[in-house]
Amino acid sequence: MPQLMSVAPCEIVVFGGTGDLAMRKLMPALYHRDRDGQLTPDSRVIAVSRAGLDDAGYRDKVDSELRRFIPELIHEPDFLARFLQRLHHITVDVAEHSTWDELRTLLADGKDHVRVFYLACAPQLFGPTCVGLQANGLVTDNSRVVLEKPLGHDLVSARRINDEVGAVFAEEQIFRIDHYLGKETVQNLLVLRFANSLLEPLWNSGAIDHVQITVAETIGVGGRGDYYDGSGAIRDMVQNHLLQLLCLVAMEPPSRLDREAVRDEKLKILQALSPLTIGDVERCVVRGQYTVGLVEGAPVPSYQDEVDGSTSTTETFVALKVEVQNWRWSGVPFYLRTGKRLDRRASEIVVQFRPVPHSIFPGIKDSISPNALVLRLQPDEGVRLHLMAKEPGPGGVRLRPVHLNLSFAETFKSRLPDAYERLLMDVVRGNPTLFMRRDEVEAAWAWVEPILAALAASIDSPRRYAAGTGGPAAAIALIERDGRTWYEEISE
Ligand code: BG6
């Protein structure tokens with residue numbers, strides 16, 4: 001059984017409490033934490049929206065949504081009933097002072113509780129919501145605010161949000177969420193790197209040829225077209241998730257697992273990213289957009305059809321070659337790619353080691369595959385080390401690539417918690433180590449912004465790729481030009 005660290009009594013107030021994120025991620029995560037006994041009996045979840053529901057109506061809604069996302073609930077009626085009793089719904093129009101009374105009254109009952117204000121609403125409401133919280137005397141020393149992405153559209157808007165929220169909450173009370181940091185394998189990357197002595201001596205340009213970070217999705221933009229079309233893959237995935245993964249791979253060992261030490265090291269990597277000029281963008285960035293195709297055997301519409309038959313040039317795929325300009329990583333490219341409606345759902349980090357310098361096996365140097373360490377974020381979370389081995393039997397030495405496989409599900413035989421479970425409990429505990437600090441977010445925007453500007457000024461549109469394929473051919477050319485290839489899973 002995993003060891004549970006209980007958290008202090010808390011009020012989790014979710015603005016946007018009837019929205020997609022609340023239903024798909026936050027309520028299931030809170031249910032699981034409650035089910036495992038991590039929430040104290042007097043902790044409550046208060047959804048805030050303009051939906052005009054009463055508590056009973058909201059509980060009914062969450063009941064049916066939870067059953068969709070957690071099929072095993074059918075066997076857990078008592079846990080479900082207990083969780084539903086924690087839920088309340090309040091209708092607030094954040095701009096209308098008079099509509100805050102009910103929330104004020106409800107929160108007065110738990111004065112000493114930790115207050116988590118989770119802003120799962122549109123970013124333009126972050127500032128006004130914080131102002132409303134302050135004006136109504138709801139921000140205590142024991143309060144924290146959680147900001148969901150998108151955290152701005154560019155550096156200026158990110159700074160504006162940070163200023164508005166920072167006018168009400170101190171930086172240590174602000175939790176900017178990047179749910180990738182809560183994923184089990186991502187946390188395991190820290191353990192793998194810093195709780196084993198084997199890797200660190202090799203973790204540099206002397207032994208590593210290059211690193212690949214892939215987040216491939218089979219889903220399209222679905223009902224999120226309005227948001228996504230103004231955003232695209234670079235803002236939606238690269239500026240945050242992929243850069244955060246890159247930071248964890250590339251950062252120097254922090255002196256301890258401490259909120260500032262870890263974030264200081266990540267920031268140094270963001271600041272060491274080699275800036276991409278307009279010329280670099282042409283060579284090092286490939287954008288794509290999906291057209292109609294077959295995904296998992298089913299026909300799917302094109303991106304343009306999904307966003308109302310528009311002629312949008314928003315990218316749904318991007319591949320980039322990035323360099324970290326510091327002593328450790330000099331000359332080691334990091335290839336990043338992410339896309340929607342691809343042929344597989346797979347998120348992985350591949351650390352590709354250098355080839356052997358010399359083969360003692362006559363005539364077979366070329367068939368010696370370099371070692372690779374693959375961290376699979378999803379699905380089938382785990383770590384895989386690719387090695388060469390001799391095929392058994394007589395008849396000379398025949399070499400074959402094989403792998404050592406550590407599947408977390410098989411090894412630990414327990415349910416892998418969703419990222420939001422860990423992160424929500426960290427907020428209540430007041431531990432921001434796995435959240436982005438203001439300077440990190442702004443450094444990430446500062447690096448991404450010239451790329452966005454160069455692409456906006458370019459006369460080229462994103463390259464079309466059929467849904468259900470591996471993305472545009474130019475992304476393959478991007479890495480093959482350097483004499484390398486994208487990692488393909490090898491079967492046993
Ligand atoms: C979100 C993006 O942050 O991450 C989505 O906005 C994307 O577009 C999602 O689909 C991917 O998260 P996960 O956990 O499913 O890999």
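The values are calculated or read from the model by the stated rules, or taken from the named source; none is laboratory data. Remember, predicted model here, so these are calculated numbers, not experimental data. So basically every Cβ, Gly included, is an ideal-geometry build from the backbone, and we count neighbours across all protein chains shown.
List of remarks:
- Residue that is surrounded by the fewest Cβ atoms within 10 Å (Cβ to Cβ), among those in the stretch 28-52 that are more than 14 Å from Ile90 (Cα to Cα) and touching a residue at least 60 places away in the same chain (Cβ under 8 Å): Asp42
- Looking only at residues in the stretch 85-118 that are farther than 26 Å from Arg24 by Cα and β-branched (Val, Ile, Thr), the one that is modelled with the highest pLDDT is Thr105.
- Any chance Gln212 is polar (S, T, N, Q) and part of a helix (DSSP H, G or I): no
- Qualifying residues in the stretch 133-179 (those that are in a loop (DSSP other than H, G, I, E, B) and hydrophobic (A, V, I, L, M, F, W, C)) - the one nearest to the chain's Cα centre (by Cα): Ile177
- Candidate set from the stretch 275-310 (those that are assigned to a loop (DSSP other than H, G, I, E, B) and within 16 Å of Ala456 (Cβ to Cβ)); member that is modelled with the highest pLDDT: Leu276
- Given (1) in a loop (DSSP other than H, G, I, E, B); (2) over 23 Å from Asp20 (Cα atoms); (3) in contact (Cβ under 8 Å) with a residue 40 or more places away in the chain; (4) of a type outside the set (Ser, Thr, Tyr), number of the condition Leu190 does not satisfy: (1)
- Residue in the stretch 371-382 that is farther than 23 Å from Val215 by Cβ and surrounded by fewer than 16 Cβ atoms within 10 Å (Cβ to Cβ) present: no
- Looking only at the stretch 53-84, residues that are of a type in the set (A, V, I, L, M), crowded, with 16+ Cβ neighbours inside 10 Å and either modelled with pLDDT of 95 or more or outside any loop (DSSP other than H, G, I, E, B) (or both) come to 5 in all.
- Filtering Val238, Val262 for residues that are touching a residue at least 40 places away in the same chain (Cβ under 8 Å), farther than 24 Å from Val295 by Cα and assigned to a helix (DSSP H, G or I) leaves a single hit, Val262.
- Test result for Glu449, at pLDDT below 95 and either under 30 Å from Ser274 (Cβ atoms) or of a type outside the set (Lys, Arg) (or both): no
- Sole exception among (1) of a type in the set (Lys, Arg); (2) in contact with a Gly (Cβ under 8 Å, 6 or more places away or on another chain); (3) buried (at least 22 other Cβ atoms within 10 Å of the Cβ) for Arg176, by number: (2)
- Residues in the stretch 184-214 that are under 20 Å from Ala261 (Cα atoms) and within 16 Å of the ligand (Cβ to nearest atom) were compared, and the one that is surrounded by the most Cβ atoms within 10 Å (Cβ to Cβ) is Val186.
- Filter result (surrounded by fewer than 17 Cβ atoms within 10 Å (Cβ to Cβ) and either within 20 Å of Thr185 (Cα to Cα) or more than 11 Å from the ligand (Cβ to nearest atom) (or both)) within the stretch 219-245: Gly223, Asp226, Gly230
- Residue match in the stretch 411-419 (condition: exposed (fewer than 15 other Cβ atoms within 10 Å of the Cβ), modelled with pLDDT under 95, farther than 23 Å from Val249 by Cβ and within 21 Å of the chain's Cα centre (by Cα)): yes
- The set of residues in the stretch 1-26 that are closer than 22 Å to Gly430 by Cα and free of Cβ contacts under 8 Å to residues at least 60 places away in the same chain comprises Gln3, Leu4, Ser6.
Matching residues to (1) within 16 Å of the ligand (Cβ to nearest atom); (2) closer than 20 Å to Gly339 by Cα; (3) part of a strand (DSSP E or B):
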| position | (1), (2), (3) |
| --- | --- |
| Glu410 | no, no, no |
| Asp426 | no, no, no |
| Glu449 | no, yes, no |
| Arg464 | no, yes, yes |
| Gly483 | no, no, no |
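- Within the stretch 142-157, residues that are closer than 26 Å to Leu452 by Cβ and away from the ligand (no atom under 16 Å from the Cβ) sit with their Cβ atoms under 7 Å from residues that are of a type in the set (A, V, I, L, M) and assigned to a helix (DSSP H, G or I), at 6+ positions apart or across chains, in these pairs: Leu155/Ala446.
- Condition check for Ile269: in a helix (DSSP H, G or I) and away from the ligand (no atom under 16 Å from the Cβ): yes
- Qualifying residue in the stretch 348-357 (condition: in a strand (DSSP E or B), in contact with a Ser or Thr (Cβ under 7 Å, 6 or more places away or on another chain) and either within 16 Å of the ligand (Cβ to nearest atom) or under 27 Å from Pro275 (Cα atoms) (or both)): yes
- All conditions in (1) over 29 Å from Glu489 (Cα atoms); (2) not in a loop (DSSP other than H, G, I, E, B) hold for Pro254, with the sole exception of (2).
- Against the numbered list (1) within 30 Å of Asp34 (Cβ to Cβ); (2) within 16 Å of the ligand (Cβ to nearest atom), Asn431 comes up short only at (2).
- With respect to the conditions (1) surrounded by 12 or more Cβ atoms within 10 Å (Cβ to Cβ); (2) out of contact with any helix residue (DSSP H, G or I) (no Cβ under 8 Å at 6 or more places or on another chain), Pro362 lacks only one, and its number is (1).
- The one condition in (1) free of Cβ contacts under 8 Å to residues at least 60 places away in the same chain; (2) more than 16 Å from the ligand (Cβ to nearest atom) that Pro379 fails to fulfil: (2)
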